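Taken together, the values in this text are just the output of simple stated rules run on the coordinates, not laboratory data. Just so we're clear, the structure is a prediction, and the values are computed from it rather than from any experiment. Reconstructed Cβ throughout: ideal geometry from the backbone, glycine too, with neighbour counts over all protein chains shown.
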Amino acid sequence: METKIYWEAVYEAKDSTEVSWFQEHPEISLQFIERTGVDNSVQVIDVGGGASTLVDDLLDRGYRNITVLDISSAALQVAQERLGSRANAVTWLEADITQVELPYKFYDVWHDRAVFHFLTRAADRQKYVEAVMHSVKEGGHVIVATFGVDGPSRCSGLEVVRYSPDSLHDEFGNNFDLVDSTSESHKTPFGTEQKFIYCYCRKG
């Protein structure tokens, strides 16, 4: 099934609070974003943000230039309806991260929780990294979370690639400095546990 059709079906079939990756508040993501020390006027992109509540929390913290990118229009609509009039303050991009053309050296902070591990083809991972290289400013901050080596081998019916902090950093290469990493035991809405790792890198 085409990727977009697949994810549209997921969000049309399930409430956004019922998907396994749902977080009421993405605390570790917020901690890493705040740790960058950037001003809240900088450009932040949440890749695969869809229905995530990260955008709500960033708006609450005064961030003014937020882009949310997702392949699923249904997922984006969930977030827009939840935010109401505040959605007008956000840039929404319905796109596949392996195909989209993003602005050149535009973003100060790139965030992705649970997109990269779905890229099982090396060619797609390379396109993702190229998108980061193209669109993140020099010295910009890249925060990516995936399933850890002890995490699930499948998610939402799809195979994933599991990573250690070092193997995830290796995918991005020497143009990125690994600043820090951490792990998370995420409790799903249906009571299971998923092991995530987060990597925070600076683009050289």
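Note on ARG121 and THR3: the extension gain reaches 41.2 nm, defined as 0.36 nm multiplied by sequence separation minus the Cα-Cα distance. Cβ-to-Cβ counts within 10 Å put VAL38, VAL149, VAL55 in ascending order as VAL149, VAL38, VAL55, the fewest first. Each Lys or Arg adds one and each Asp or Glu takes one away; over the other residues whose Cβ falls under 11 Å from the Cβ of LEU178, this sums to -3.
Pairs of Lys residues in the chain, spaced 8 or more positions apart or belonging to different chains, with C-alpha separations under 15 angstrom: 4 in total.
Any idea what % of Cα-Cα pairs in region 1-117 are farther than 16 Å? Before the final figure, lay out the partial values.
Working: 3968 of 6786 pairs.
Above the 16 Å cut-off, region 1-117 has 58 percent of its Cα pairs.
If a spin label sat at a point 7 angstrom from the Cα of GLU27 along the line to its beta carbon, the backbone N atoms of region 163-183 nearer than 16 Å would be those of 182-183. Considering only C-alpha atoms, what is the centroid distance from region 139-185 to region 31-78, in Å? Taking the Cα centre of each part, region 139-185 and region 31-78 sit 19 Å apart. One decimal place: the segment SER167-VAL179 gains 2.9 nm when fully extended, by the rule 0.36 nm per residue minus the C-alpha distance.
Working from label points 7 Å from Cα in the Cα-to-Cβ sense, the LYS187 to ALA95 distance is 3.8 nm.
Each 5 Å bin, from zero up to the one with the longest distance, holds this percent of the alpha carbon pairs of the chain: 1, 7, 16, 22, 23, 18, 10, 2, 0.
Beta-bridge orientation, region 3-175: approximately 10 percent antiparallel, per DSSP, counting only bridges with both partners inside.
In which sequence would THR53, THR3 go, from the one with the fewest C-beta neighbours within 10 Å to the one with the most?
Numbers: THR53 19, THR3 15.
Starting with the residue having the fewest Cβ neighbours, the order is THR3, THR53.
Per-residue ellipticity at 222 nm, computed for the chain from helices alone with -39500 (n - 2.57) per DSSP H run of at least four residues, works out to -8500 deg cm²/dmol. With both labels modelled 7 Å from their Cα along Cα-to-Cβ, the GLU130 to GLU159 distance reads 2.3 nm.
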